[in-house]
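Below you will find the structure I want to go over with you.
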Amino acid sequence: MERSEQFPRVPEGITVPDGIGGVLVRMRALGAHWPPGDGVAVFHRLYLTVTEEVARLVERGAFPDARAATVLDVCFAERYLTAVEAYESGRRPPACWRPLFHSRNHPGVRPLQFALCGVNAHIGHDLALAVVDACRTLGCEPTDLQDEFDRVGDLLTSLEERVRDELMPGPDLLELADPLTHLAGSWSLERARDAAWAVARTLWALRGLPGIAEEVRERLDDGVGLVGRMLLTPCSPGAARLPAHPAAPAPAAQSSGSATGAISS
């Protein structure tokens, strides 16, 4: 099976002033031509907001190690940006991103689903690999980045809250939202974040065994892609209105009077 391209390591010349700023320039340019309802654009706008917040926190000195936070954030964003650029140029992106790219204009998929699918791919797959990328760039161990990982993770938790607050249909669309509520409640950013940390430590421990490490990465990519496809299960108005069980057949009429009563009741 053809695999997605291996992404290059983030250059060691990343610096605090231009690292996240360069990412923001690319993100703003990349999403400029996407229509508002595009599924990738839905996730992109939310992720851009979080990246801007990371940049502000770095500038204010909110991270004990500004360079480590910058490198981790840039490595993290690079995974997403490279996947989008690969898809738009006709190359093969990672499996975790393909459901979002392929379904980005599906009329039966709601904005909340597009957003959660993007968050799932970025946290479930990209975050673990970004930690390894950052460790290689900085020459450190994953445990040395745990404070930065946790602080960035807190911002990502706010992203999930924003996704649900802004994109969950209101009470007037409750009938449509019933299956959507089930899908949204089936995925947790906190659990995905914890899993990403465990996978990052595993991949780092396997760095001397590149064949095994690559197999772990491939299985991770495929598994996150499977979850993404499930999150994009269409929730069209027609599908939401289907009864959970077929209606029981009406009892046979015994007389014209009883038939009239069954119809009017």
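If you average 1/r across every pair of different Cα atoms in segment 90-160 and take the reciprocal, what Kirkwood value do you get, in Å?
Across segment 90-160, the inverse of the average 1/r is 13.9 Å.
Give me the extension gain from R219 to A32: residue separation times 0.36 nm, minus the current Cα-Cα distance, reported in nm with one decimal.
Contour length minus Cα-Cα distance gives 64.0 nm.
What percent do you get for the relative contact order of segment 43-167 when only Cα pairs under 8 Å and 6+ apart count? All intermediate terms of the calculation are to be shown ahead of the outcome.
Values: 85 pairs, mean separation 49.2, N = 125.
It comes to 39 percent, rounded to a whole number.
Values quoted throughout were computed directly from the atomic coordinates according to the rules given, and no laboratory measurement underlies them. Owing to the predicted nature of the structure, the values given are computational and were not obtained by experimental measurement.
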